[in-house]
Amino acid sequence: MSIILASASPRRRELMKLITDNFTAVAVDADETIPENIDILKASEYLAKIKAKSAVEKFPKNIIIGCDTTVICDNRILGKPKDKNECREFMKMLSGRTHQVATGCCIMNKNVMSSFTVITDVIFRQLSDAEIETYISTDEPYDKAGGYGIQGKGSLLIEKINGDYFNVVGLPVSKLNQELNAFYKYILKF
């Protein structure tokens, strides 16, 4: 069984190569509406399941990996900023504070599903207005949850992290590798 990574993210594709080269990445079209009653730290896992289920319908003979990353501050999910004003708002909210990055992953085939969430605390430095304006004037923030990329210029905004660095980039490679190995062992029993 080959692996399908249900993600259009170039960052996830690069990180997946740390686990295996034997995969195909595909974009999936799935309804990413989060139910109101969901635990905010589990929202990314919920979305990962939705993406994986969408992909397994198209690729029923494969192992599917769905992923989603959310940035959470003040019990609010900060998505991809729509414009400079929203990005500025995000940067001011994150400045000098700790927030969480949660990446949910779902591994499934047509018969079995396993999912998990990895959470990393990210601490931003206290940012000046000038630093915020410089950062939001780049192209970097607008395709990233929370409006920053830890692997790019966003690294200049961060004081430290507690947890998995790769989780903040968008794929918790160590945990995913362990879960993928366990998934293989489980399905080989049947």
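Spatial offset of region 32-68 relative to region 88-135 amounts to 18 Å, using the alpha carbon center of each. When the surface is traced with a 1.4 Å probe over the full set of protein chains, residue 174 keeps roughly 70 Å² accessible. Only the Cβ atoms of Lys and Arg (+1) and of Asp and Glu (-1) were treated as charged; on that basis the dipole of region 53-190 about its Cα centre amounts to roughly 680 debye. Computed over the chain, the per-residue total of -39500 (n - 2.57) for DSSP H runs of n ≥ 4 gives a 222 nm mean residue ellipticity of -10500 deg cm²/dmol, rounded to 500. Based on the convex hull around the alpha carbon atoms, region 21-65 presents an average projected area of 3.8 nm². Straight-line reach from residue 53: taking Cα to Cα under 27 Å and skipping same-chain neighbours fewer than 8 places apart, the lysines in range are 17, 42, 61, 80, 110, 144, 175, 185, 189.
Counting only Cα atoms, the size of region 35-190 along its three principal axes is 59, 29, 26 Å, in decreasing order. When you restrict to C-alpha pairs under 8 Å that are six or more residues apart and normalise by the size of region 109-184, the relative contact order lands at 37 percent.
Share of the chain's accessible area from carbon and sulfur, percent, 1.4 Å? Reported share for carbon and sulfur atoms: 49 percent.
The values are calculated or read from the model by the stated rules, or taken from the named source; none is laboratory data. The structure presented is a predicted model; accordingly, all values stated were derived computationally and were not measured. In this analysis, Cβ positions are derived from the backbone assuming ideal geometry, glycine residues included, and neighbour counts consider all displayed protein chains. Accessible surface is based on the protein model in full, side chains and every heavy atom, while ligands, DNA and RNA are left aside. Shrake-Rupley method; radii C 1.70, N 1.55, O 1.52, S 1.80 Å.
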